[in-house]
1. The conditions are (1) under 12 Å from residue A:418 (Cα atoms); (2) open to solvent by less than 70 Å² (accessible area, probe 1.4 Å); (3) not small (Gly, Ala, Ser), and residue A:460 fails exactly one of them. Which is it?
2. Name every residue in the range B:233-251 that is closer than 21 Å to residue B:289 by Cα and open to solvent by 80 Å² or more (accessible area, probe 1.4 Å), in order of residue number.
3. Within the range B:43-59, how many residues turn out to be among the β-branched types (Val, Ile, Thr) and open to solvent by 30 Å² or more (accessible area, probe 1.4 Å)?
4. Scan B:207, B:230, B:224 and give me the residue that is more than 26 Å from residue B:96 (Cβ to Cβ), of a type in the set (A, V, I, L, M) and open to solvent by less than 20 Å² (accessible area, probe 1.4 Å).
5. Kindly provide the set of residues from the range A:274-299 that are open to solvent by 10 Å² or more (accessible area, probe 1.4 Å), of a type outside the set (A, V, I, L, M) and under 30 Å from residue B:197 (Cβ atoms), ordered by number.
6. Looking at residue B:134, is it open to solvent by 10 Å² or more (accessible area, probe 1.4 Å) and either under 19 Å from residue B:88 (Cα atoms) or aliphatic (A, V, I, L, M) (or both)?
7. Kindly check whether there is at least one residue in the range B:111-123 that is touching a residue at least 40 places away in the same chain (Cβ under 8 Å), of a type outside the set (Ser, Thr, Tyr), in a helix (DSSP H, G or I) and within 28 Å of residue B:204 (Cβ to Cβ).
8. Show me the strands (runs of 3 or more DSSP E) found entirely inside the range A:34-136 where at least 3 residues are at the interface with another protein chain (Cβ under 9 Å from one of its Cβ atoms) and modelled with pLDDT of 95 or more.
Amino acid sequence: MSGNWEVVIGLEIHCQLATKSKIFSGASTAYGADPNSQACLVDLGYPGVLPVLNAEVVRMATKFGLAVNASIAPRSIFARKNYFYPDLPKGYQISQYELPIVEGGELFIHGDDGNEKRIGITRAHLEEDAGKSVHEGFGDSTGIDLNRAGTPLLEIVSEPDLRSAKEAVAYMKKIHSIVRYLEISDGNMQEGSFRCDANVSVRPRGQTKLGTRAELKNLNSFRFVEKAINFEIERQIELIEDGGEVVQETRLYDSDKDETRSMRSKEEANDYRYFPDPDLLPVEIDESFVEAVRQTLPELPDVKQARFVEQYDLKAADAEILTGSRALSDYFEKLAAATDAKPQVAANWVIGDLSALLNKEGLEIQESRIDADALAGLVNRINDNTISGKIAKEVFDAMWSDGGSADDIIEAKGLKQITDTSAIEAIVDAVIAANPGQAADYRGGKDKLLGFFVGQVMKETGGKANPGQVNKLLKEKLG
Amino acid sequence: MHRQTLRGLYDGLSRGDFSSRELTEALLGRIEAHGATLNAFITVTAESALLQADLADKARANGTGGPLNGLPIVHKDLFCTKGVLTTCGSKILGDFVSPYDATVVQRMADAGAVMLGKTNMDEFAMGSSNETSFYGPVTNPWNTKLSPGGSSGGSAAAVAARLVPAATGTDTGGSIRQPAALTGIVGLKPTYGRVSRYGMVAFASSLDQAGVITRSAEDAALLLGVMAGLDKRDSTSADHPVPDYVAGLSKPVKGLKIGVVRQHFDEGLDASCAERVRASLAALEDAGASLVEIDLPSIGLSVPTYYVVAPAECSSNLSRFDGVRFGHRCGDPEDLSDLYCRSRGEGFGAEVKRRIMTGTYVLSAGYYDAYYLKAQKVRQLISRDFKNAFEKVDVIAGPTAPTTAFAIGEKTDDPITMYLNDIYTIGANLAGLPGISVPCGFADGLPVGLQLVGPHFAEETILACAHQYQQLTDWHTEGPEDFA
Amino acid sequence: MSLTKQQVQHVATLARLELEDGEVDDVVKKLSRIVDFVDQLQAVSTDDVLPMAHPLHMSQRLRADDVTEPDQRDFVQQNAPSTEKGYYLVPKVIE
């Protein structure tokens, strides 16, 4: 598709910070409240009220800045972005323009060529969110709910370093993972706590000057980011190849039609008249504060991933999956500590069967019906040969649906592996006796028939015989 | 009773000469009698005032009253007052009942003050003559054909006419000091950040400051002590200790270094006003102060600087009046744009619209650097001038206004003529300095004001100087005859 | 320098102010007068002068992250020109 074209993408991620109260007021930020029940006088832009900055947002922004190796501005200022819209009560949004709180960071993703790739972070600044417009259910009117107005956002702006939709998604996922590790955002995309705008342009390969970009607004899932960008890339290339020109504009992604379309209405008179907000003073952050925040930084995904490979001898891809969220990695580490089995075996259970069930039921790892200790109990019984891997799946399903420990289920259902050689020997003898023809053929050189005999023995024992023992005995008896 | 200052009334109440209820009833009677002539009030809160007065009387009997217990006060109608109409002199807030009290209002009430009503003002405090009020101009008690000045014109007229002993005001470019000068009373604008702006409907946030209008510097000191101090709801309020301003009044002027600004006596100043101001400076010199001639090289740029900074901030501050959550909404809006443009077009008066448009223009793409940023730099120069001056002197003294009160309608044709009224007061706002205007005599039968400006948080100094001047003179005891 | 009618109309649109036909000429005249007046700032040399946004040199105070504001919707909406089911109403916004 884009052989002769180079794609250039920069993302502006809007990440809602997980504070209890709003950025400039003491109203609650809880999601899903009755309309306007969490919009206090400051959020409503009442005459005479004034903003006071929430200490927690400063700490959270600082934490993020340190996590992406950025500099924390010793002095940052808030500015007003002026425009009229019904979900913007004051007629201006308080944001940061010149002198943002975080500048010049970076992170690393797997690039399209499979190598590690550095993505620059231009800046991250604090701002307030707007309210919500509800267009249905009010006849000729639009209903305005200002509960979300004043919710703190960290806007994270990347350098135009991304070269494909896939890279954009990888970058966004990385940021998503980081903010959740830092516990500064719940990252909930359905609720709009984590969304992005994408600046997309294309240029002929080899050209240094950037092409004209379009800004894709409000992409609120990883899938939409990928689809919207891919659609936009194709649109721009086709447009240029047909002799047209890309216009700098804001475009909205329509997920139903899988296309982007122009939002000219938002473009009209785009003169935001930014100026320093006289109601707020410069935010001054000293080195001791930064150091104190640095002490609270958790181990971050990249470091943890490397450690998992090193310490647990995991496959790199598995380590990446397990460190995708702090909760998942915590689950794995607890499991690994409680089992005698190889960590890779434990990892396989988490990535395989457990993840499948979680996905199927739409649960987070924290909500798993089998906790790490219980799963360790199961893995240990495989490891000490109490049950086979096959029986283990049965036990696992029972643990998931009915609860209880692996040991209790094995005991109650009588699933313990038969390891008594004389008992297995008797069954092996019986099976050979019952199938004289196959026994003769095997002895005549049809080695493949061993599997048939193993199957028969396992059938007789209800799968509880140790497969290794069965193999060994059969070979002896048929030999 | 009505001729007494707060101090005198407090003593009278303490002695039991009269009760708060009697005092309140007497003043409500005067407000009713003279209200129509002066048009000083937008709302009179007689009923709640009497309730508060009764509570004050009870508190006094119990010995639990605050420092202003039972004393009457009126608030400029841009202070939000819970459950009471708060119009800002505008049609757009014509039926706006504030759901909360401004910090100033709250602190006065907590100290026991009895609120008698809300005073008329230039619309959103944008004006120097009280003519931009949607509720009609206020007249000057000294001559009702004249303007009392503005924007706190209603507060000034009410105090000057002895309807009330004290009123709050706000001062963005001179809106307390200029009307105080033009009506022969005391007007104090504290240091920026000294008094909370929470609940003051914002005009220009980096310039607005609440203050008081009284008849004596002593009353101003008493009220400032109640109003001043940190407010956690205002990020720009200063965490600076509040001294006992009344105790500080006794400091003599002997040894005080008073700066006299060369530029203040240029041709812009009316000759008879200049003479009065010079006479008052001489009186202070006689009392032991020394006069030092100083230069404020950039002060001449204060008016144009102000008329970039203030409109810029106002254009943004007034965007919230959009007919959606409160305030005037036009009839049958066709669409969103029509709702905005007509609600605002109908709701704001001509001067407010001009300022919003000036501010929008100076912030708009292509003009920001040339106007807004430039003005912020010149503001720095002006501020620096003051800083340098205060290394040599303790206070700066001069005229408050270039002329005495002017006729209603006289300056409405040309906005610049009107803006130049504030030529001597605006500098203190740009630099955030405290300033006070005290009556210093009469020119052709009309009051003239002497302005004293001090360094940041030097309210004690300027109040003491004003108080000592009032011990030397009795200009402040004179009132307009028609309202005796 | 004088402002044109078009410039004034553009500024009025940005500021969402409807100007009556009869008002426009007066606004153009007075706004031009104001702009001419403040233009004297252009002549001032301000090299190396930092812009001044606040009168005092203070830094921003921070508020603890506590929920302090109760729901006052029904009380506050008494001031609203048009509400329904707790929402503020505006003419339908077409996106």
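1. Every condition holds for residue A:460 apart from (2).
2. Listed by number, the residues that qualify are B:250, B:251.
3. Step one: of the range B:43-59, the residues among the β-branched types (Val, Ile, Thr) are B:43-45.
Adding the requirement that they be open to solvent by 30 Å² or more (accessible area, probe 1.4 Å) leaves B:44.
Looking only at that region, the number is 1.
4. Just a single option satisfies the conditions, and that option is B:224.
5. A:274, A:276, A:282, A:284, A:286, A:289
6. Values: open to solvent by 10 Å² or more (accessible area, probe 1.4 Å): yes; either under 19 Å from residue B:88 (Cα atoms) or aliphatic (A, V, I, L, M) (or both): yes.
So residue B:134 fits the description; yes.
7. At the first step, the residues of the range B:111-123 found to be touching a residue at least 40 places away in the same chain (Cβ under 8 Å) are B:111-123.
Next, from what is left, pick out any that are of a type outside the set (Ser, Thr, Tyr): B:111-118, B:120-123.
Among the residues that remain, those that are also in a helix (DSSP H, G or I) are: B:123.
Subset that is within 28 Å of residue B:204 (Cβ to Cβ): B:123.
There is at least one residue in the range B:111-123 that is touching a residue at least 40 places away in the same chain (Cβ under 8 Å), of a type outside the set (Ser, Thr, Tyr), in a helix (DSSP H, G or I) and within 28 Å of residue B:204 (Cβ to Cβ).
8. Ranges flagged: none.
The values are calculated or read from the model by the stated rules, or taken from the named source; none is laboratory data. A quick note: this is a predicted structure, and the numbers were derived from the prediction, not measured. Backbone-built Cβ (ideal geometry, glycine too); neighbour counts: all protein chains shown. Please note that ligands, DNA and RNA were not included when accessible areas were found on the heavy atoms of the full protein model with its side chains. Shrake-Rupley method; radii C 1.70, N 1.55, O 1.52, S 1.80 Å.
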